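Beneath this line is the structure, given in structure tokens, with notes to follow.
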Amino acid sequence: MPLLLLDLDNTLVDRDAAFRGAVADFFTEHGLPVSDLPWVMGVDAGGYTPRPDVAAALVGRYGDIVPTAAVRALLDTGSAARVVLADATRRALDEAGADGWTCVIVTNGRTAQQETKIRNTGLDALVHGWVVSESVGHKKPESEIFHAAAAVAGIPLSGAWVIGDSAHADIAGADALGLRSVWVSAGRPWPPQPFAPTHVAHDVASAIRHALGSP
């Protein structure tokens, strides 16, 4: 069966929108200026900034007003509690399964948080498994995490498609392994890189359907 390796945050689910909503509520609860929201999102960098560094920045800025425990709660549960799975994405995953594809989520992050997102959105019932960087000790774009995903599926990695929103994590990882890939652009231009995705799609549903239609 063909193998489809799918990123989680900002690919299968809109992690940034969920985090933005959590931060907005955090500001309201603690009387913080909403004008600081872009600053927090910049520090977070789409979830790629290490959590201890984000926590340190928030405590440094708001520590006189907000308990450190509240900051950590925001980072531990804020986005995980709010992410949703779009109907279009659900339908595309259903189509992939019906077409005989094996779908595995490959995500960087902390295991507890990422598995909460997978289960809360119902993705656990739509994919054949997942690997989280914290659990396997390797993160994208390292080849080991992609090999771990293939092992979860029990399918050779060769011939797999990789779908994700990150040029440096998803597409670079696929390129290093000689795998085909779809970059989920969300309207962004492809950044200058010494490599390129096989295909560019605006959203993950379109990306999945492109892979399904490949020879």
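The values are calculated or read from the model by the stated rules, or taken from the named source; none is laboratory data. Owing to the predicted nature of the structure, the values given are computational and were not obtained by experimental measurement. FYI the Cβ positions are ideal-geometry reconstructions off the backbone, even for glycines, and counts take in every protein chain you see.
If you go through region 22-71 one residue at a time, how many are aliphatic (A, V, I, L, M), under 28 Å from residue 169 (Cα atoms) and either assigned to a loop (DSSP other than H, G, I, E, B) or out of contact with any Leu (no Cβ under 8 Å at 6 or more places or on another chain) (or both)?
Total meeting the criteria: 5.
Could you please find all residues in region 60-76 being among the β-branched types (Val, Ile, Thr) and either without any contact (Cβ under 8 Å) to a residue 24 or more places away in the chain or in the same structural domain as residue 120 (by TED's automatic domain parsing) (or both)? Spell out the reasoning first.
Filtering region 60-76 down to residues among the β-branched types (Val, Ile, Thr) leaves 65-66, 68, 71.
Matches in region 60-76: 68, 71.
From 125, 17, 69, which residue is more than 16 Å from the chain's Cα centre (by Cα), closer than 30 Å to residue 211 by Cα and not hydroxyl-bearing (Ser, Thr, Tyr)?
On the way: 17 fails: more than 16 Å from the chain's Cα centre (by Cα); 69 fails: closer than 30 Å to residue 211 by Cα.
So the residue among 125, 17, 69 that is more than 16 Å from the chain's Cα centre (by Cα), closer than 30 Å to residue 211 by Cα and not hydroxyl-bearing (Ser, Thr, Tyr) is 125.
For region 178-197, name all the residues that are in contact with a strand residue (DSSP E or B) (Cβ under 8 Å, 6 or more places away or on another chain) and closer than 18 Å to residue 2 by Cα.
179, 180, 181, 182
Checking the structure you have, find out if any residue of region 102-119 is of a type in the set (A, V, I, L, M, F, W, C), modelled with pLDDT under 95, farther than 21 Å from residue 213 by Cβ and surrounded by fewer than 21 Cβ atoms within 10 Å (Cβ to Cβ). Full working, then the answer.
As a first pass, look at region 102-119 and keep what is of a type in the set (A, V, I, L, M, F, W, C): 103-106, 112, 118.
Right, trim to modelled with pLDDT under 95 and you get 112.
With farther than 21 Å from residue 213 by Cβ added as a condition, the list becomes 112.
Okay, now just the ones that are also surrounded by fewer than 21 Cβ atoms within 10 Å (Cβ to Cβ), so 112.
Yes: one or more hits.
If you scan region 82-96, which residues turn out to be touching a Leu at 6+ places or on another chain (Cβ under 8 Å), within 17 Å of residue 18 (Cβ to Cβ) and surrounded by fewer than 18 Cβ atoms within 10 Å (Cβ to Cβ)?
90
Quick check, is residue 94 over 20 Å from the mean Cα position of the chain (by Cα), touching a residue at least 24 places away in the same chain (Cβ under 8 Å) and closer than 26 Å to residue 3 by Cα? Full working, then the answer.
Details: over 20 Å from the mean Cα position of the chain (by Cα): no; touching a residue at least 24 places away in the same chain (Cβ under 8 Å): yes; closer than 26 Å to residue 3 by Cα: yes.
Taking the combined requirement at face value, the residue does not satisfy it.
Looking for something in contact with an Asp or Glu (Cβ under 8 Å, 6 or more places away or on another chain), assigned to a loop (DSSP other than H, G, I, E, B) and not hydroxyl-bearing (Ser, Thr, Tyr) - is there at least one such residue anywhere in region 89-101?
no
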